[in-house]
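Here's the structure, in structure tokens; my notes come after.
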Amino acid sequence: MSQHSSTITGPSAPPRGGGDMATFTADAIAVAVDGQLLLEDISFRLEPGQLLAITGPSGCGKTMLLRSLAGLIDPVAGQLRLNGEAPQQLGWPAYRRRVLLVHQQPVLTPGTIRDNLERPFRYRAAASPWNEAAATRFLERLHIEAERLEQRADSLSVGQQQRVCLVRALLLQPDVLLLDEPTSALDETARDAVEALIREVALERSTAAVIVTHDAAQAERWCDVQLALQPTAGGNGQ
Amino acid sequence: MTDLEHGAIELSWIDMTIAAGLVLVAGAVSIALRLGLERRLAIASLRTVVQLLLVGFILRQVFAIDSAWLLMGLLLAMTIAASFAAVGRSSRTFSGATFQAFLTLLLTGMLTTFTVTGAIVGIEPWYRPQYVIPLLGMVLGNSLTGISLSLDHLLERLSAGRQQVEMELTHGATRWEAARAPLAEAVRRGMIPVINSMMVVGIVALPGMMTGQILEGADPMKAVMYQIVVMFMIAAATSLGCMLIGLLACRYLFNSRHQLRSELIRQRA
């Protein structure tokens, strides 16, 4: 059985931004893959607007942890709460819209960038209407010209697709963003733009984020707190 | 001509032997061109004769007995065989798929067949096997192809295309919202053969049932009317079948927490 322990470092940052946003807590979460325990006793409390970095060696279960925080898989133990409410109380689709996972590999559907950005607003759990002005503002902040809204999504580079996926998530105004290596396919300029935008959204909208990164310098620079997953036995996973 | 007006010309065993000679022509071509198909052709021909004679024998018994219970038993056996065939052709499967195919074929097959025999043809009594068995056979034969294509595509989209579905779920889609696109595409795939055959029916080839009726001496217009009913019946059964198997599969492969359980899908060896 392979397990990983966790340590949290960094100042216990006070909530940033305005008031009534939700606190996200993970209490003693354990994650298993194919019956093998990969992570256990993962606990943290994320205040509105706070950025938490999850670091750790490759294969230690960072992605699986994000998947369980997003409710795509069931943790084998522990409890998630958003503002004191369990996901089942909120309803899973509504929970996922508010605690929104952005995969490392960009996933876009065939069609234009606009089609992709508008798509989640068709779901019943969508809480706000489609906002084109916000879409173009976010795209431009991430160095994608607004005129490209009508361009086919599959004509973009992987780095551009990764940024479009991030814009799609931001437009839904989640309480918590779960970002899996969000700058892995980006050059330095684009990476800085993403970091700045997420920080700005954290300040202005109190959107918190859990950010998986293998880059210790980025975690240090970008986030308020860090959760380091340490392998304790020769496990593998993800 | 005179014979046709009085119905079908009876075929003797000598006629059948001459027909077998036609297969020998195919065998000779295979030998001449060294295709190596003679053995398979011989087995296929033998199977055709044995299987059809067996069916003829069974049908003769069933028609003679004329029992509702026996008929229902036979329909059930046909449906079970069709459901195994439907799932067996799919390259991916999951536990319980055959039962879901059985339920689907049972519901759609019976609904369309008995709508035709009861409301359209108006047979008396309702279970007359001469009508029910061939009609259900046609429905099952076509909808099992549709169901199998549909299921194959759906399972591919939910396993190989899992990320796409999970992307929808992470943005707040319910399981049905996330399954909608794969499901619609799966139904479309399953319907293609039926729609294609409806598009070219009568132009490229005459359907088997219609040809049979015409050879039997029926008025071509009457045969055509029957064929139209049959085509519509097959279209309805196939579309309902593709949709129902998709809904049942999605209900099983997504749980109440709106998670996709793609690990339940097995790739067939």
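The values are calculated or read from the model by the stated rules, or taken from the named source; none is laboratory data. Remember, predicted model here, so these are calculated numbers, not experimental data. Glycine gets a Cβ as well: all are built from the backbone with ideal geometry, and neighbour counts include every protein chain shown. Heads up: the accessible areas ignore ligands, DNA and RNA and are worked out on the full protein's heavy atoms, side chains in. Shrake-Rupley method; radii C 1.70, N 1.55, O 1.52, S 1.80 Å.
Taking helices (runs of 4 or more DSSP H) as the structural unit, those lying wholly within segment A:42-160 and holding at least 2 residues that are open to solvent by less than 30 Å² (accessible area, probe 1.4 Å) and either more than 19 Å from B:Val165 (Cα to Cα) or within 12 Å of chain B (Cβ to nearest Cβ) (or both) correspond to A:62-69, A:92-98, A:113-118, A:132-141. A single entry from B:Arg47, B:Arg34, B:Arg92 fulfils the requirement of being of a type in the set (Lys, Arg), at negative phi and surrounded by fewer than 16 Cβ atoms within 10 Å (Cβ to Cβ): B:Arg47. Residues that are within 18 Å of A:Gln50 (Cα to Cα) and surrounded by fewer than 23 Cβ atoms within 10 Å (Cβ to Cβ) within segment A:173-191 comprise A:Gln173, A:Asp175, A:Asp180, A:Glu181, listed in sequence order. Scanning segment B:182-216 for residues that are assigned to a loop (DSSP other than H, G, I, E, B) and farther than 20 Å from B:Pro134 by Cα yields B:Gly202, B:Ile203, B:Val204.
Just need a number here: residues in segment B:244-257 that are open to solvent by 30 Å² or more (accessible area, probe 1.4 Å), of a type outside the set (Gly, Ala, Ser) and within 14 Å of chain A (Cβ to nearest Cβ).
Initial filter on segment B:244-257 (open to solvent by 30 Å² or more (accessible area, probe 1.4 Å)): B:244, B:247-248, B:251-252, B:256-257.
Then keep just the ones that are of a type outside the set (Gly, Ala, Ser); that gives B:244, B:247-248, B:251-252, B:257.
This time we only want the ones that are within 14 Å of chain A (Cβ to nearest Cβ), so: B:257.
Qualifying residue count for the region: 1.
Would you check if B:Glu177 is open to solvent by 10 Å² or more (accessible area, probe 1.4 Å), within 29 Å of A:Val176 (Cβ to Cβ) and part of a helix (DSSP H, G or I)? In short, yes. If you scan segment B:156-174, which residues turn out to be acidic (Asp, Glu) and either open to solvent by 40 Å² or more (accessible area, probe 1.4 Å) or closer than 21 Å to B:Val87 by Cβ (or both)? Within segment B:156-174, B:Glu156 is the sole residue that qualifies.
Just one of the listed residues (B:Gly56, B:Gly21) is over 24 Å from the mean Cα position of the chain (by Cα) and either open to solvent by less than 100 Å² (accessible area, probe 1.4 Å) or within 25 Å of B:Arg128 (Cα to Cα) (or both), and it is B:Gly21.
Could you tell me which residue of segment B:182-191 is farthest from the other protein chains (Cβ to nearest Cβ), considering only residues that are open to solvent by 10 Å² or more (accessible area, probe 1.4 Å) and in contact (Cβ under 8 Å) with a residue 24 or more places away in the chain?
The first filter runs over segment B:182-191 and keeps only residues open to solvent by 10 Å² or more (accessible area, probe 1.4 Å), leaving B:183-185, B:187-189, B:191.
Cutting the leftovers down to in contact (Cβ under 8 Å) with a residue 24 or more places away in the chain gives us B:183, B:185, B:187, B:189, B:191.
Numbers: B:Leu183: 15, B:Glu185: 11, B:Val187: 18, B:Arg189: 16, B:Met191: 21 Å.
The qualifying residue farthest from the other protein chains (Cβ to nearest Cβ) is B:Met191.
With B:Met243, B:Met191, B:Met231, B:Met199 as the choices, which residue is in contact with a strand residue (DSSP E or B) (Cβ under 7 Å, 6 or more places away or on another chain) and in the same structural domain as B:Leu107 (by TED's automatic domain parsing)? So that I can check it myself, show each step before the final result.
Numbers: B:Met243 fails: in contact with a strand residue (DSSP E or B) (Cβ under 7 Å, 6 or more places away or on another chain); B:Met191 fails: in contact with a strand residue (DSSP E or B) (Cβ under 7 Å, 6 or more places away or on another chain); B:Met199 fails: in contact with a strand residue (DSSP E or B) (Cβ under 7 Å, 6 or more places away or on another chain).
Exactly one residue qualifies, and that residue is B:Met231.
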